[in-house]
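K.L.:
Just passing along the structure, written as structure tokens.
The values are calculated or read from the model by the stated rules, or taken from the named source; none is laboratory data. Just so it is clear, the model here is predicted, and its values are computed rather than measured. Here the Cβ is made from the backbone with ideal geometry for all residues, glycine too, and neighbour counts use every protein chain on show.
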Amino acid sequence: MKSVDYLNWSLLVFHELDSTYESSKQLDILLESFTTSFVDNETDFKRVYMSNKTLSGIILNSNENLEELVKFVRKTNPKIPIVVLTENGSSNIPLQILNSINLVINIFEDSISFLAGQIELEIERYLEAIKPVFFGKLMDYTQKFKYPWHTPGHAGGLMFMTNPIGKMMFDFYGENTLRSDLSISVPELGSLLDDEGPVKDAESNSARVFSADKTYYILNGTSSVNQVIWKGRVTKDNLAFVDRNCHKSLNYGMVITEAIPMYMIPRRNSLGIIGPVKLNEFTKEYINKIIEDNSKLTDEQKKQKIKMSALTNSTYDGLCYNVNKIKETLNNNVENLHFDEAWYAYAKFHPIYKDHYAMTESDNFIEHPPIFASHSTHKLLGAFSQASMLHVKDGTKDKVDFVVFDEAYLMYGSTSPQYSMIASLDVSTAMMDFSGKELMNETILNAIHFRKRIAKLNKEYASFNQWFFSLWQPEKVLYNGILTNFEDVPDKYLLENQSCWTLDTDNNWHGFNDIEKNYVMLDPIKLTLKCPGLKVNGEYEDIGIPASILSNYIIDRGVVNEKTDTYSLLFLHSIGTTITKQEALIKVLMDFKKDFDKNTPLVEIFPDLVNSYPEKYSNKGLKDHCLDMHKYIIESKLLELMDKAFQIIPKQELTPAEASREVFRGNIEHVPVKDCMNRVAGVIVVPYPPGIPVLMGGEKIDENSKSILDFLLAREEFERVFPGYFSDIHGVEAFIDNDGVRRFHTMVIKN
């Protein structure tokens, strides 16, 4: 029982108080060598079982509640040993229950040591069965206490014990973490790059669990996953058809492969939320037109088929595409289809997402090319940071030559992989395989409860003619043929019916007026919080709370959101989100409202901001500050300028690869953005929010694309008016010029 003791596992025993003295005494003797938790009623049993994930077995009395308790356990754990105590044998136990339990024992028969041994064997079988393939081998190897004469140099942590600073690290991370930090010199664990041994078995298991034909573990993040996909399938002068709302690693993928890009333009609603690409942009007619209209292409190049089409799924705000709709519309007129699902690795594990993820198992008879999916397994599943997966599904006709594709993989794989990261991918897979649907059920239900709570608070405040925050979600849902308030629809219905979350024009809560039917759904666990100030139809409100102010407020109070837009914030409701975490967010939102309504002095709210810029923020209250910024956003037309900027695809003077070559040759100038008219961008320019490139390397700002320049200059002026609220714009640096004015600067190609 060493492994059980080491992991501190325990038995849960349901033992009713009315049991005879003798049976209770005998049971105590039987279990004295085990760590046990005793309960004597059904309520406590269920509470302990659900909260304690280190249970190694269940012991139940043979009573009238037996069938219900066994079903309750088996609903979430099909493998944990269930032992039934009886004095009359198994004749009174229904057959379906006998098939669901492991042992029936009479504690007055056989010796206590024999019965304890039987239980012990069941526990050992269970713990061995649930060990993930690679992580299990890693644990076993670590417990062999071998002397390492190989890398890494800290030698299982011993190096850290030679120095007080190192000892601090040893104590913080713990001995197992350091002794399991191994190298490729350990043949028992297999090789990530050679695709052999337990590592290969773990990747094969992940492919099965995520419904892929092949899965690769990649340890330097999904940025590398994206580049492996492109490097393995795209080469110089191939045509690429890319969602403009894509991660910058895809843009770098185009630089590395020297592909020639053309773009899909995602919709944006009046709140500034990035919406889906139009479905008709996947038609052969549309693709042929953008190829024909591209003046950079030669006649010979225009005869090519699109080599790679890439789409972000889901978007930051949780819009998920119906993949089968896209496959049908594409009709196999691109050679490869890539879904960047960095934030969406859990979709396979709940029916609410049916058809809306890359590796969907449904309707695979639709003809399609090879499909690739990038998963940041570390983002919303349980892997360590930078641990990601690359999933591949063969085309209905075109199959991937994995011997060739492996060459691209090897270019990005380290010869010194971090084994704990591999283990975390293995464990994430095993967790979702074991109880993924149950985990997602609970997560989605908790997100629904939070959504309802915010909706009810909003209505309660409105009844007193007061403002509160809301969520970007359906206000009403079609339930029993009637449009019903979201908060009044039963949880179970919202959990089980995808139609509640599907965008359509008849129930336009989302602000995308021309949305296609059954094309896009909202992910229930992506929570976009709307601040007062801007309606979904684009009308401004009298009271306005810019989201950057709210974001700073909640961060100072220990709540950190994922993304901040102009009047909205994104919160990710993951498997690890607790009710306490929800309550902390609700409390801080209510605190903000109190401080706003009282116009609490800014020096009490943001003392560092006031101390840094006293001439701007002294003697101001929180309400003053919010309304000043809200008024400025309206009068400067900042959002209107943003919207225009993102509707333009500038003229492509150079491909991203050509522009990159000029940058690394030093054939560039650093110039103020105000002087960028008629200049060609050297690097990608991505303002956050919204996180979409306004300029790609090689694109030119001219009269046709002047709206991009107008927007960037408006952002620059905003930061001068409201110091301390500085932008995160990839490709742009801000600093004080010789005339004392803070300006944006970027790289352009020399004329």
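K.L.:
Within the group GLU669, GLU719, GLU733, which residue is more than 22 Å from GLN652 (Cβ to Cβ), acidic (Asp, Glu), in a strand (DSSP E or B) and outside the structural domain of ASN251 (by TED's automatic domain parsing)?
P.N.:
Details: GLU669 fails: more than 22 Å from GLN652 (Cβ to Cβ); GLU719 fails: in a strand (DSSP E or B).
Exactly one of GLU669, GLU719, GLU733 is more than 22 Å from GLN652 (Cβ to Cβ), acidic (Asp, Glu), in a strand (DSSP E or B) and outside the structural domain of ASN251 (by TED's automatic domain parsing), namely GLU733.
K.L.:
Here is a follow-up. For region 486-495, does any single residue satisfy the condition of being crowded, with 18+ Cβ neighbours inside 10 Å, closer than 28 Å to LYS637 by Cβ and either under 27 Å from the mean Cα position of the chain (by Cα) or not assigned by TED's automatic domain parsing to the domain that holds HIS625 (or both)?
P.N.:
no
K.L.:
If the requirement is being under 21 Å from SER211 (Cβ atoms), outside the structural domain of THR222 (by TED's automatic domain parsing) and surrounded by 20 or more Cβ atoms within 10 Å (Cβ to Cβ), which of these qualifies: THR443, THR429?
P.N.:
Numbers: THR429 fails: outside the structural domain of THR222 (by TED's automatic domain parsing).
Exactly one of THR443, THR429 is under 21 Å from SER211 (Cβ atoms), outside the structural domain of THR222 (by TED's automatic domain parsing) and surrounded by 20 or more Cβ atoms within 10 Å (Cβ to Cβ), namely THR443.
K.L.:
List, please: which pairs have Cβ atoms under 7 Å, are six or more places apart or on different chains, and start with a residue in region 484-507 that is touching a residue at least 60 places away in the same chain (Cβ under 8 Å) and end with one that is buried (at least 16 other Cβ atoms within 10 Å of the Cβ) and among the basic types (Lys, Arg)?
P.N.:
Note: pairs meeting the criteria are GLN498/LYS354.
K.L.:
Can you spot a residue in region 159-172 that is under 19 Å from LEU219 (Cβ atoms) and not assigned by TED's automatic domain parsing to the domain that holds TYR216?
P.N.:
no
K.L.:
Are there any pairs, at least 6 apart or on different chains, whose C-beta atoms fall under 7 Å, with the first in region 453-466 and under 18 Å from LEU585 (Cβ atoms) and the second among the acidic types (Asp, Glu) and at pLDDT 95 or above, and if so, which?
P.N.:
Correct list of pairs: ALA455/GLU487; LYS456/GLU487.
K.L.:
Please go through (1) under 16 Å from the mean Cα position of the chain (by Cα); (2) part of a loop (DSSP other than H, G, I, E, B); (3) farther than 21 Å from PRO276 by Cβ for MET389 and return the number of the only condition it doesn't satisfy.
P.N.:
Failing condition for MET389: (2).
K.L.:
Out of all the residues in region 178-207, which are assigned to a helix (DSSP H, G or I) and in contact with a helix residue (DSSP H, G or I) (Cβ under 7 Å, 6 or more places away or on another chain)? If you could, list the steps in order and put the result at the bottom.
P.N.:
Restricting attention to region 178-207, the residues satisfying the condition of being assigned to a helix (DSSP H, G or I) are 178-179, 187-189, 197-207.
Across region 178-207, the qualifying residues are LEU178, ARG179, GLU188, LEU189, GLY197, PRO198, VAL199, ASP201, ALA202, ASN205, SER206.
K.L.:
Of (1) under 20 Å from VAL242 (Cβ atoms); (2) surrounded by fewer than 22 Cβ atoms within 10 Å (Cβ to Cβ); (3) among the polar types (S, T, N, Q), THR312 satisfies all except one. Which?
P.N.:
(2)
K.L.:
Another question, if that's okay. Is there a residue being modelled with pLDDT of 90 or more, of a type in the set (S, T, N, Q) and under 29 Å from GLN143 (Cβ atoms) anywhere in region 22-34?
P.N.:
No.
K.L.:
Answer yes if at least one residue in region 607-624 is outside any helix (DSSP H, G or I), more than 29 Å from TYR263 (Cα to Cα) and of a type in the set (D, E, K, R), and no otherwise. Step through it out loud before you land on a result.
P.N.:
We begin by selecting, within region 607-624, every residue outside any helix (DSSP H, G or I); these are 613, 618-621.
Among the residues that remain, those that are also more than 29 Å from TYR263 (Cα to Cα) are: 613, 618-621.
Next cut, of a type in the set (D, E, K, R) only: 620.
Among the residues of region 607-624, at least one is outside any helix (DSSP H, G or I), more than 29 Å from TYR263 (Cα to Cα) and of a type in the set (D, E, K, R), which makes the answer yes.
K.L.:
Ok, one more. For TRP149, only one of the following conditions fails: (1) modelled with pLDDT under 90; (2) within 28 Å of VAL392 (Cβ to Cβ); (3) touching a Ser or Thr at 6+ places or on another chain (Cβ under 9 Å). What is its number?
P.N.:
(2)
K.L.:
Still on this structure, please answer the following. Please find, within region 122-175, the residue that is farthest from LYS79 (Cα to Cα) out of those that are among the hydroxyl-bearing types (Ser, Thr, Tyr) and either in a helix (DSSP H, G or I) or under 32 Å from the mean Cα position of the chain (by Cα) (or both).
P.N.:
If we take residues in region 122-175 being among the hydroxyl-bearing types (Ser, Thr, Tyr) and either in a helix (DSSP H, G or I) or under 32 Å from the mean Cα position of the chain (by Cα) (or both), then THR162 is farthest from LYS79 (Cα to Cα).
K.L.:
Something else about it: I'd like to verify a number: residues in region 105-115 that are touching a residue at least 40 places away in the same chain (Cβ under 8 Å), outside any loop (DSSP other than H, G, I, E, B) and either surrounded by fewer than 18 Cβ atoms within 10 Å (Cβ to Cβ) or at positive phi (or both), how many? Walk me through it before giving the result.
P.N.:
Here is the first cut: in region 105-115, the ones touching a residue at least 40 places away in the same chain (Cβ under 8 Å) are 107-108, 112, 115.
Adding the requirement that they be outside any loop (DSSP other than H, G, I, E, B) leaves 112, 115.
Within this subset, residues satisfying the condition of being either surrounded by fewer than 18 Cβ atoms within 10 Å (Cβ to Cβ) or at positive phi (or both) are 112.
Matching residues across region 105-115 total 1.
K.L.:
Show the residue pairs that are 6+ apart or on different chains and have beta-carbon atoms under 6 Å apart, the first residue being within region 702-725 and among the hydroxyl-bearing types (Ser, Thr, Tyr), the second being surrounded by fewer than 17 Cβ atoms within 10 Å (Cβ to Cβ) and part of a helix (DSSP H, G or I).
P.N.:
SER707/LYS644
K.L.:
I've got another one for you. Run ILE543 past the list (1) modelled with pLDDT of 95 or more; (2) within 26 Å of ARG715 (Cβ to Cβ); (3) of a type in the set (A, V, I, L, M); (4) buried (at least 17 other Cβ atoms within 10 Å of the Cβ) and report the number of the one that doesn't hold.
P.N.:
Answer for ILE543: the failing condition is (4).
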